[in-house]
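The values are calculated or read from the model by the stated rules, or taken from the named source; none is laboratory data. Model, not experiment: these values are computed from the prediction. Note that we place each Cβ from the backbone using ideal geometry, even for glycine, and neighbour counts take in every protein chain shown. All accessible areas refer to the heavy atoms of the entire protein, side chains included, with ligands and DNA or RNA removed. Shrake-Rupley method; radii C 1.70, N 1.55, O 1.52, S 1.80 Å.
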Amino acid sequence: MKVTKKTIAWQIGNTTIRNPYRIKDGLIALKESGLANVKAGAEWDKCFRDELIRHGLLNASDHSDETYSAGRKWRSAFEKLGFIFPRPPKDKSSIGNFRSLSPQGIKLAKASLSIEVEELFTRALSAPVFNCPDGKQTFSPLFWVISILNGLEEREAETHLTFSEFKNIVQTSSPDKYKVDFVVQKLIESRNNSAAENRIVDEFRGDSISAETIRTLSDYADMNLRYLKTTGLFVNYSHGIAPNPLKASIFKEFKKEKIFFKDDDWENKKDQCVGFPMFFDDALEAREVYLSQLKQAKAEGVEYDASFDLQIADAAQIKEEYNSLYLKCFEHRERKFASQQAGQWQEISRYMDILNLGKKVKRKSEDDEQLSIPTDMKPAYFEWVIWRSLLAIDSLKNSPDEVRKFNVDANYYPIFTAPGGTPDLVAMFEDYQLVVEVTLSENSRQEAMEGEPVRRHVADACKLSKKPTFGLFIARKIHTNTAETFRHGLWYYDNDDLTELQIVPVCLSEFRDWFVWLFQNNVQDKAGQLRLFLEDCLRNKSQFTAPEWKTAVKEAIRRRILLRK
């Protein structure tokens, strides 16, 4: 009888929290809950689950979870990453109040810049405290993955990992059983010899495995890759990862991290909670990283005037200057990204189609480049695709990063939605400004959720600019009560001054049709056409009922498209 090798993969977080960027809000929820240092158990998990629901991090339907697994899994992720203090082993002393936020957790809860979040996750994932697949030893998944990628580069192989390679080989291997050179060699062999690929995969993940196990490996790979990309050290490649060119100086020297690995797991855990040491914490190492980044910036045509003396600066000063330089390079590349959007209008429209369908689009294979949107990221992708459409329309007077209010990763994909209290997008054109709000809500709650915030954001924008201000509200379906609120469009400021707001509610499918029409017909002055479209929709709105106005908006789009065909 053939014995099947057990299939196990390492996990950075857990599949309950697929989006690591939500951990920040979870830590805030824990801090406000008063549950820190409270005795663990089912009641704790229940209370924390309810707190997560209250903060909008879990659905109300999770109240039916009698095992309170969601609360337990969120807590487990916090502990694994060192963002809360764990319970010490019996023979070890405590390093902080059990389940209260660690110094790193406090920093993450307060972090506002993407580069701050990236460093916190880099330190968390650098610590060798994560279980190897067999659970007997610990290692650093970040160090392991970077070592493999650097090994590929040293062998002059393509420096990337596809989703399939990561799923079947990388996450099923670890340094307790495999040497980096062996894994690198097997990756190269599988790329060069398709006939040997299945055999090599079986060496790592096991053979004769069930379809359910393969799906589980895919779930783990999706989650692990998301956490790795949170460090900012990677960019997307064929649904897998490749080194982020903007952080090449850190990536190539990452082998130096090993000097901070200790034999005692508890000591490593303590370091993770307070901020695992990085090689660039040393002033000399930080100087080399900075100079490498400066050289890259100059090669890309980024102008940067350093206002400090590198020779006498300490590590903290150099790090601050490096962050400024990195952001300058990031903005430079974002402007290039923006200039490419007009040429990618078809892809943008396809993303709109995916959002409008409200369901997943299957890929032909795991590494296929067919477009898809993670289910839990649809709200963020909605803002992102409309942002890209505005960049494609061009003629913007504010920079791409000023248009969006949400953060993006190293590939300029969305990290999360725009924070509360701000509009999703603000586009400044030559003779007007546009405030854009989007939502996936469609039922009667749409007006309650969006009516006041959208009007407030547009009203605030009116006060900040002398240019005519328009609001554009986009949803897959416009509820009639929402249309009625925007049809009146009245807003009183705190001093009782009254203003009439110009807000147009549009279905995503209608906006998509208008957007495609612009490019299919090579319409010039797209920003001007957008204003004409908005003015056409607003004309005589007071004479309509809400249902009539919704129909009039549709007709305005149809007429504008037909006029130019």
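A few comments on the model shown:
- Taking a sphere under 9 Å around the Cβ of residue 132 and counting the other residues whose Cβ falls inside, with K and R at +1 and D and E at -1, yields a net charge of 0.
- Applying the Kirkwood pairwise sum to the alpha-carbon positions of the chain produces a hydrodynamic radius of 26.1 angstrom.
- Extension gain, residue 153 back to residue 236 (0.36 nm per residue minus Cα-Cα distance, nm): 28.2 nm
- Of the solvent-accessible surface of the range 342-563, computed with a 1.4 Å probe over protein heavy atoms with every protein chain present, carbon and sulfur atoms account for 46 percent.
- Surface calculation, 1.4 Å probe, protein heavy atoms: residue 431 sits at approximately 80 Å² accessible.
- Surface exposure of the chain, expressed per residue as accessible area with a 1.4 Å probe, stands at 47 Å².
- Gained length - residue 14 relative to residue 440, 0.36 nm times residue gap less alpha-carbon distance: 150.7 nm
- Looking at the range 342-563 alone, DSSP beta bridges between its own residues are antiparallel in about 45 percent of cases.
- Proximal charge balance of residue 123 [Cβ under 14 Å; K/R count +1, D/E count -1]: -1
- Candidate residues 24, 541: accessible-area rank, largest first, probe 1.4 Å: 24, 541
- Of the whole protein surface, residue 484 contributes about 60 Å² of accessible area at a 1.4 Å probe radius.
- With all protein chains in place and a 1.4 Å probe, the accessible surface of the range 20-274 carries 47 percent carbon and sulfur.
- Counted residue by residue at 0.36 nm each, then reduced by the alpha carbon distance between them, the extension gain from residue 106 to residue 327 reaches 77.2 nm.
- Looking at the chain alone, DSSP beta bridges between its own residues are antiparallel in about 60 percent of cases.
- Net charge of neighbours whose Cβ lies under 14 Å from the Cβ of residue 442, counting Lys and Arg as +1 and Asp and Glu as -1: +3
- For residue 471, distant residues with modelled amide H under 5 Å away: 435, 502, 503, 504
- Pairs spanning more than 26 Å between alpha-carbon atoms, out of 378/466; 90/110; 378/477; 256/336; 73/405: 378/466; 90/110; 256/336; 73/405.
- Partners of residue 177 within straight-line reach, counting aspartates and glutamates whose Cα lies under 13 Å from its Cα and excluding those fewer than 8 residues away in the same chain: 134, 203.
- Shape metrics for the range 20-274, restricted to C-alpha atoms - Rg then Dmax, Å: 19.3, 58
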